[in-house]
Structure formats: structure tokens, C-alpha cells
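The values are calculated or read from the model by the stated rules, or taken from the named source; none is laboratory data. Quick caveat: nothing in here was measured; it's all calculated off a predicted structure. Note: ideal-geometry Cβ built from the backbone for every residue, glycine included; neighbour counts use all protein chains shown.
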Protein chains: 2
Amino acid sequence: MTTFNRRVILRSRPVGIPTADNFAIDQAPLPPLEPGEFLLRNVYVSLDPGIRQRLSQVDSYVALIRLGEALTSTTLGEVVASRDPSVQPGEHVVGFHTVSDYSVTRRGPLTRKVDLTRTFCASNHLSVLGMTGLTAYFGLLDIGLPTSGETVMVSAAAGAVGSVAAQIAKLKGCRVVGIAGGARKCAILVEEFGLDAAIDYQQKDLALLSVMMREAAPKGVDVFFDNVGGIQLDAALACMNDRGRIALCGLIAQYNLRGPPPPLTNLFKMIAKSLRMEGFVVLTYADRFSEALDDLERWVNEGKIIFREQIEEGLERAVPSFLQLLDGGNHGKMILRLSDTYA
Amino acid sequence: MTTFNRRVILRSRPVGIPTADNFAIDQAPLPPLEPGEFLLRNVYVSLDPGIRQRLSQVDSYVALIRLGEALTSTTLGEVVASRDPSVQPGEHVVGFHTVSDYSVTRRGPLTRKVDLTRTFCASNHLSVLGMTGLTAYFGLLDIGLPTSGETVMVSAAAGAVGSVAAQIAKLKGCRVVGIAGGARKCAILVEEFGLDAAIDYQQKDLALLSVMMREAAPKGVDVFFDNVGGIQLDAALACMNDRGRIALCGLIAQYNLRGPPPPLTNLFKMIAKSLRMEGFVVLTYADRFSEALDDLERWVNEGKIIFREQIEEGLERAVPSFLQLLDGGNHGKMILRLSDTYA
């Protein structure tokens with residue numbers, strides 16, 4: 001076992017779009033384990049847009065990352081030492097940990113053992129069978145409440161959460177419209193994920209987006225699963241049907257803004273159409289994760305949900321991969337592999 | 001019976017704040033009654049902020065008022081002629097009618113007979129026992145879902161809908177914070193309506209409003225009943241508790257804007273705090289009006305809900321009174337009396 005631990009730390013708070021200068025890799029000694037703690041050698045690290053929110057001086061539902069401290073995210077690791085009798089070296093654990101070679105952690109509602117023999121692909125525990133899939137599952141089904149024959153629209157539909165939400169909506173018998181950036185991603189939405197229509201938001205203003213949404217959803221939108229905010233949300237408000245539901249999952253269009261977000265010019269539609277908009281945090285549903293994971297695992301194993309991962313190798317790739325993710329240049333869920341022991 | 005009918009018509013569409021020039025009073029002949037129709041002599045006319053929305057080129061949940069046509073609103077009238085066997089001259093009817101001396105109408109889900117002997121004050125059927133009270137009732141109870149001990153905040157709390165919503169929240173055992181414009185209205189909120197705290201929004205920016213809300217609601221806000229939108233809504237988002245509910249009833253701060261509304265800089269709180277925001281239209285609840293009116297009538301008769309009306313006399317006062325209402329200069333629900341037969 002090593003005596004030092006490489007960590008990706010926050011060096012300065014980004015204003016606007018983060019750059020590589022905001023981060024660094026340092027080496028820190030590993031503290032001795034306290035009773036109940038165990039040490040993980042991280043194998044996979046999930047890189048998510050939500051990390052951006054925790055880099056800035058705004059409060060969020062998870063703690064702000066402190067200057068000079070390691071970033072945190074969901075990781076999958078192998079236990080290499082343990083002072084918890086219920087956790088043995090060689091077992092695998094998923095939880096919210098430091099982005100580093102090793103993490104000290106303990107059991108908790110969000111830290112759970114995973115059985116790598118049950119799934120095709122270990123990294124899935126950080127994606128479709130992890131927070132990503134769970135976020136899509138609860139946001140779409142519990143907040144969106146789609147019923148067969150309704151129209152569901154998903155923003156960032158080629159992204160990790162969006163692609164799962166869109167495919168679950170298809171499984172539920174809905175017409176599904178995906179929004180993504182660029183012709184290539186839009187082609188993937190229709191050809192690979194089987195969506196009914198795709199909208200390329202790039203270089204579109206509010207008015208044009210609304211027109212495109214109306215064309216793609218001629219019966220109007222009953223459920224909007226939104227990862228983006230900004231003018232996509234504003235345009236969607238104009239296309240919602242009476243009693244429509246908006247599951248607010250993320251506001252990625254707004255995280256890097258230096259100034260205020262654009263106004264919601266169509267907010268009155270909330271009243272005129274009796275719309276419901278509801279934000280959510282997947283951790284709220286922690287006591288139902290196993291139920292959801294059973295569904296997700298079955299759908300993945302049956303090939304009903306297709307999931308893309310972009311696996312990057314090595315801790316040095318953490319920052320460039322995160323920046324690529326924020327830029328929308330990724331091809332699937334961004335995951336970092338820190339060890340090549342597991343395929 | 002007269003052969004002509006004075007009507008308040010829309011002469012031009014206002015841009016920004018309406019002025020008297022946008023309106024006129026004309027005289028139009030009364031059409032002969034078709035089978036099923038009856039003729040009302042209007043006694044009371046409700047003047048509501050929501051009329052503003054229907055004057056402009058934006059769609060709303062009720063039809064836009066057409067240029068050259070009479071304004072429409074809720075009126076209470078006496079039947080003076082009828083081709084509906086179930087409606088007799090001398091009976092009284094409340095419904096959505098033209099703002100005019102006489103209205104031709106027919107029975108429908110929103111047009112109902114009222115028994116003037118059951119209430120202290122006939123005009124109450126256009127206020128606390130009409131759409132105003134029903135809007136407060138369903139918005140607060142069905143969307144806000146307040147429980148005893150929670151904190152409820154109401155904007156435009158000295159206004160017609162807001163004052164009823166705030167008092168119902170008090171009846172349900174909540175701490176209630178009202179927002180209103182000016183020291184006088186704020187004093188009324190506390191001293192007359194019995195609210196726990198009042199916030200004067202005038203000359204306050206977003207940051208100061210948030211601070212005042214936190215002071216007035218030290219445990220945070222569980223339910224926000226919003227009639228206003230704009231920076232009051234934005235500030236409220238920052239003060240909501242986990243799983244808070246926002247009942248979006250109106251956006252009066254935005255109706256007269258020439259440009260876009262201010263941005264909702266705190267929209268991310270929807271996600272971080274798992275908030276639900278829901279717009280509503282009282283007509284949705286039409287099949288439950290009688291249940292709600294039973295409650296409201298009992299509360300009014302028991303003195304548990306106090307309600308202010310500002311009664312203006314004569315059709316000539318329709319436009320000045322409406323403009324005063326939009327300016328916030330009214331003292332209670334604005335009602336026009338067209339005949340002095342009923343007190």
C-alpha cells in the first residue's frame with residue numbers, strides 16, 4: 001500500500017467557464033483509519049456536470065468544495081483496508097468520495113457494496129446503474145408521471161441522465177422528443193436511442209426553439225424532463241399542455257454564466273396551463289434505490305436501455321475530461337478509470 | 001326595459017401601464033334573446049388584476065378581449081327577461097359577463113344562481129364568496145398544502161385574493177407572513193387580518209427582500225402563495241424550506257412590463273430544495289366550488305375571515321377604478337356597483 005495519495009484539488013473558484021488553472025493534482029498523506037472507516041482504492045470515478053455547481057460560491061444541495069481540498073464525486077473502489085467488520089478487503093463499494101487514488105470512507109445511506117459479478121460492466125455502477133440512472137428514473141417517473149400516449153420532451157437528451165430518462169419514457173409508451181447540441185448527437189437520439197424526434201438547440205433563439213418544439217411535439221408536451229434551464233426551459237413552457245409536468249433536474253445552461261440567467265418570459269404559462277414544475281435531488285429517494293436499481297438492471301440486461309460511456313484513463317485526465325463534459329464534447333457518460341484491473 | 005346598453009369597451013391595446021385612452025364607454029343595441037338565454041341587469045361588477053392580462057396580445061387562460069368589444073368580468077345581476085324556463089325574472093345570477101349595464105347570458109358551469117338572503121352582503125358573491133375567495137381557497141389548500149406549524153408567505157397579501165389566502169392559512173394554524181406595498185397596508189395585515197409579520201416590498205431590491213423574508217420567516221417558508229412574480233418570487237425562492245410549495249396565482253408585477261421580466265436568479269433552489277411550483281386556474285376546480293363556498297361562507301359568517309371591499313359607483317368609474325387597482329391604490333377588493341337596489 002502506498003503512503004501518498006494523489007488528489008484532484010480545487011485551486012481557485014471559476015468565474016464563468018472553468019479552466020484547467022482552477023485545478024491541480026497534489027499528493028497528500030493518507031490518514032490512519034478510525035474505527036468504522038475503510039480505505040478504497042478507487043477504480044472508477046464519475047464526472048458529472050453537477051460538480052460545476054459545487055465549485056462556486058453558491059449553495060447547493062451538496063456541500064461546496066473547499067479551496068485546496070479534493071473534488072468529490074461518486075466513485076467505485078476496491079476495499080484495501082478496513083476497520084469496519086462488515087466490509088472486507090477485496091469487496092467493492094460505491095459512494096460519494098474524494099477524486100483521488102484512494103479514499104477513506106465509511107458505510108452510510110449512500111455508500112453501498114456492489115456485486116460486480118451481477119452486471120456486464122463494472123462502470124455501469126457509476127452510470128446507468130448508479131446516480132445517473134437513478135436520477136433519470138425518479139425524476140421521470142415520480143415527478144414527470146408520464147402515461148402511455150403522452151409526449152415527453154428531454155433536454156440534454158444525449159447526455160448521461162437525459163438518455164436514460166428518454167429511454168424510460170419510450171418504455172412507458174410515450175412519444176419522446178430529445179433536445180441535444182449538434183446534428184451528430186441528434187442522429188444518435190433517433191437512431192440509437194429510438195426517440196421519435198430530435199431538436200438541435202445550437203444557434204437557435206427562443207422563438208425558433210419554440211417553433212421546433214411545436215413541430216416535434218405536434219400534440220404539445222405533457223412532461224418536460226429538463227437538465228438545462230435557460231431558453232430551452234423558457235421555450236418549453238410555451239409548448240406545454242394543460243396540467244403538464246416539468247421535472248427540473250439540472251440547469252447546466254446557467255452554471256457557467258457570469259451574469260444572471262435569461263428571464264423566463266413564458267412563466268405565465270405556469271398559470272394559464274396549470275403547470276407543475278418540481279425540482280428534485282436523487283438522494284431524497286435513497287430508501288427506494290434498490291427498487292429502482294432492480295428495474296434499471298433488468299432493462300439494461302434486456303437491452304431495453306442502451307447506455308454510452310466515455311471512459312478516460314488516469315487521474316491526469318480528470319480535469320480535461322470534466323472540462324470536455326461541460327463543453328458538451330463528451331460521447332456518453334464521462335467516467336474516469338484509475339486502475340485497469342476491471343474491464 | 002331599455003333599448004340600449006352602455007358597455008366598457010377596449011379601444012386600443014395597452015403597451016405597458018394601461019391608460020384611460022385605451023378604453024371607452026359606448027352604447028350598443030341589445031340583441032333579442034335566443035332560446036336558453038336570459039338578460040341580466042348588472043348590479044355588481046368585479047374588477048380584477050387578471051383583466052390586464054386579457055387586454056394584451058398574449059394568450060391567457062381566458063380569451064383575449066377583442067378591440068372594440070366589451071371587457072368581460074364576473075358580474076352579479078338580476079334577471080330581467082328570460083328564455084330559459086329554469087331562470088326567472090327577479091332571480092340573481094353570478095357569472096362571467098360583459099362589463100355593461102345589461103348582459104345577455106345563459107346557464108353554464110360558471111354561471112350560477114345566488115341566494116342573496118343567505119349572506120350579509122350581496123357584493124360578497126363577487127369577492128370572498130366568489131372567484132376571489134375560491135382562488136385563495138384552492139390555491140392555498142390544494143396546491144400549498146399547508147399544515148399546522150408551517151410558515152406560509154403570501155404576496156399582495158392586502159389584496160383581494162391574498163388577504164383571503166393569508167387568513168385561511170391562519171385558520172389552519174400556520175405562521176403567516178404577508179407582503180404588501182406601503183406601511184399602511186402592512187399595518188392592516190397585522191392589525192386587521194391578524195398576520196404574524198408583514199413585509200413592505202416598496203423600494204426594496206432582491207437582496208433586501210430576501211433578508212426581510214428571512215427575518216419575517218426565521219424557520220424558512222414552507223408555502224408561498226404568489227400573486228406577484230418578479231423579484232418577490234425570486235427572493236422567495238431563496239427562502240423556501242426543503243420540499244416547499246409555491247402556488248402561482250398571478251404575476252401582477254409582470255403584466256405591465258414593456259420588456260422581459262427580471263430573471264429568476266434563484267431558480268436553482270427549485271432543485272437544491274426539492275421545491276414544487278404549480279400554477280393554477282380556479283375554473284379547474286369548478287366541480288368543487290360548492291364545497292369551498294360552504295367553508296368560506298361559514299368562515300365569513302363566523303367572523304373568521306375579514307374581507308374589505310372598495311365599492312365604486314357607476315359604469316363611468318369602471319376604468320378609473322381598474323387603473324387604481326393596477327396601481328395598488330385600492331383598499332380591498334375593487335367592485336363596481338351599477339345599481340343601488342342592493343346594499
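What are the residue pairs meeting all of these: first residue in the range A:305-323, first residue farther than 18 Å from residue A:48 by Cβ and in contact (Cβ under 8 Å) with a residue 24 or more places away in the chain, second residue in a helix (DSSP H, G or I) and not acidic (Asp, Glu), Cβ atoms under 6 Å, and 6 or more apart or on different chains?
What qualifies is A:305/A:167; A:305/A:299.
Please verify whether residue A:298 is of a type in the set (Lys, Arg), in a helix (DSSP H, G or I) and under 23 Å from residue B:273 (Cβ atoms), treating the condition exactly as stated.
So residue A:298 fails the test.
Working only within the range B:20-59, note down all residues that are surrounded by fewer than 21 Cβ atoms within 10 Å (Cβ to Cβ), over 21 Å from residue B:76 (Cβ atoms), of a type in the set (A, V, I, L, M, F, W, C) and modelled with pLDDT of 95 or more.
B:20, B:24
Just for the range A:115-139: of the residues that are at pLDDT below 90 and either crowded, with 24+ Cβ neighbours inside 10 Å or of a type in the set (Val, Ile, Thr) (or both), which one is nearest to residue A:227 (Cα to Cα)?
For the range A:115-139, the residue satisfying everything is A:119.
Filter the range A:191-201 for residues that are outside any loop (DSSP other than H, G, I, E, B) and within 21 Å of the chain's Cα centre (by Cα); which is surrounded by the fewest Cβ atoms within 10 Å (Cβ to Cβ)?
A:200
From the residues in the range A:326-343 that are in contact with a Lys or Arg (Cβ under 9 Å, 6 or more places away or on another chain) and under 16 Å from residue A:135 (Cβ atoms), which one is modelled with the highest pLDDT?
A:333
Any chance the range B:289-296 includes a residue that's surrounded by fewer than 22 Cβ atoms within 10 Å (Cβ to Cβ), within 14 Å of another protein chain (Cβ to nearest Cβ) and under 20 Å from residue B:165 (Cα atoms)?
no
Filter the range A:274-284 down to the residues that are at negative phi and within 7 Å of another protein chain (Cβ to nearest Cβ), then identify the one that is surrounded by the fewest Cβ atoms within 10 Å (Cβ to Cβ).
Here the answer is A:284.
Need pairs with beta-carbon distance below 6 Å; first residue free of Cβ contacts under 8 Å to residues at least 60 places away in the same chain and within the range B:252-281, second polar (S, T, N, Q); sequence gap 6+ or separate chains.
Note: pairs meeting the criteria are B:260/A:265; B:261/B:254; B:272/A:60; B:274/A:284; B:279/A:274.
Has the range A:33-51 got at least one residue that is more than 16 Å from residue A:318 (Cβ to Cβ), hydrophobic (A, V, I, L, M, F, W, C) and within 14 Å of another protein chain (Cβ to nearest Cβ)?
Checking the range A:33-51: not a single residue is more than 16 Å from residue A:318 (Cβ to Cβ), hydrophobic (A, V, I, L, M, F, W, C) and within 14 Å of another protein chain (Cβ to nearest Cβ).
Does residue A:100 satisfy the criteria of being at pLDDT 95 or above, under 25 Å from the mean Cα position of the chain (by Cα) and not assigned by TED's automatic domain parsing to the domain that holds residue A:255?
yes
For the range A:163-176, check the following and say yes or no: at least one residue is part of a helix (DSSP H, G or I), under 24 Å from the mean Cα position of the chain (by Cα), under 15 Å from residue A:329 (Cα atoms) and not charged (D, E, K, R).
no
Among the residues of the range A:80-118, write down those that are in a loop (DSSP other than H, G, I, E, B) and in contact (Cβ under 8 Å) with a residue 40 or more places away in the chain.
A:83, A:84, A:87, A:99, A:101, A:107, A:109, A:110, A:116, A:118
On the basis of being assigned to a loop (DSSP other than H, G, I, E, B), touching a strand residue (DSSP E or B) at 6+ places or on another chain (Cβ under 7 Å) and either assigned by TED's automatic domain parsing to the domain that holds residue B:316 or touching a residue at least 24 places away in the same chain (Cβ under 8 Å) (or both), does residue B:33 make the cut?
yes
Going by the structure shown, is residue A:244 without any contact (Cβ under 8 Å) to a residue 40 or more places away in the chain, crowded, with 21+ Cβ neighbours inside 10 Å, under 26 Å from residue A:126 (Cβ atoms) and within 12 Å of chain B (Cβ to nearest Cβ)?
no
Can you name the condition, by its number, that residue B:142 falls short on among (1) touching a helix residue (DSSP H, G or I) at 6+ places or on another chain (Cβ under 9 Å); (2) surrounded by fewer than 18 Cβ atoms within 10 Å (Cβ to Cβ); (3) part of a loop (DSSP other than H, G, I, E, B)?
Single failed check for residue B:142: (3).
Check residue A:320 against each of (1) closer than 27 Å to residue B:268 by Cα; (2) more than 14 Å from every other protein chain (Cβ to nearest Cβ); (3) modelled with pLDDT under 95; (4) out of contact with any Phe, Trp or Tyr (no Cβ under 9 Å at 6 or more places or on another chain) and name the one condition it does not meet.
(3)
Residues that are in contact with a Phe, Trp or Tyr (Cβ under 9 Å, 6 or more places away or on another chain) and farther than 30 Å from residue A:227 by Cα: does the range B:264-281 have at least one?
no
Any idea which of A:76, A:39, A:67 is part of a loop (DSSP other than H, G, I, E, B) and either touching a residue at least 24 places away in the same chain (Cβ under 8 Å) or more than 23 Å from residue A:337 (Cβ to Cβ) (or both)?
Answer to the selection: A:67.
Which condition number does residue B:17 fail, the rest of (1) surrounded by 14 or more Cβ atoms within 10 Å (Cβ to Cβ); (2) touching a strand residue (DSSP E or B) at 6+ places or on another chain (Cβ under 9 Å); (3) modelled with pLDDT under 95 being met?
Evaluating residue B:17 over (1) surrounded by 14 or more Cβ atoms within 10 Å (Cβ to Cβ); (2) touching a strand residue (DSSP E or B) at 6+ places or on another chain (Cβ under 9 Å); (3) modelled with pLDDT under 95 leaves (2) as the failure.
Give just the number: which of (1) in contact with a Lys or Arg (Cβ under 9 Å, 6 or more places away or on another chain); (2) part of a loop (DSSP other than H, G, I, E, B) does residue B:204 not satisfy?
The number of the failed condition is (1).
So which residues in the range A:251-289 are among the polar types (S, T, N, Q) and within 24 Å of the chain's Cα centre (by Cα)?
A:254, A:256, A:284
Mind listing just one residue for me: the one in the range A:219-231 that is on the phi < 0 side of the Ramachandran plot and within 18 Å of the chain's Cα centre (by Cα) and, of those, surrounded by the fewest Cβ atoms within 10 Å (Cβ to Cβ)?
Per the criteria, the residue is A:228.
Here's the yes/no breakdown for (1) assigned to a loop (DSSP other than H, G, I, E, B); (2) within 17 Å of residue B:143 (Cβ to Cβ); (3) more than 10 Å from chain B (Cβ to nearest Cβ); (4) among the aliphatic types (A, V, I, L, M):
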| site | (1), (2), (3), (4) |
| --- | --- |
| A:218 | yes, no, yes, no |
| A:232 | no, no, yes, no |
| A:236 | no, no, yes, yes |
| A:250 | yes, no, no, no |
| A:259 | yes, no, no, no |
| A:263 | yes, no, no, no |
| A:286 | no, no, yes, yes |
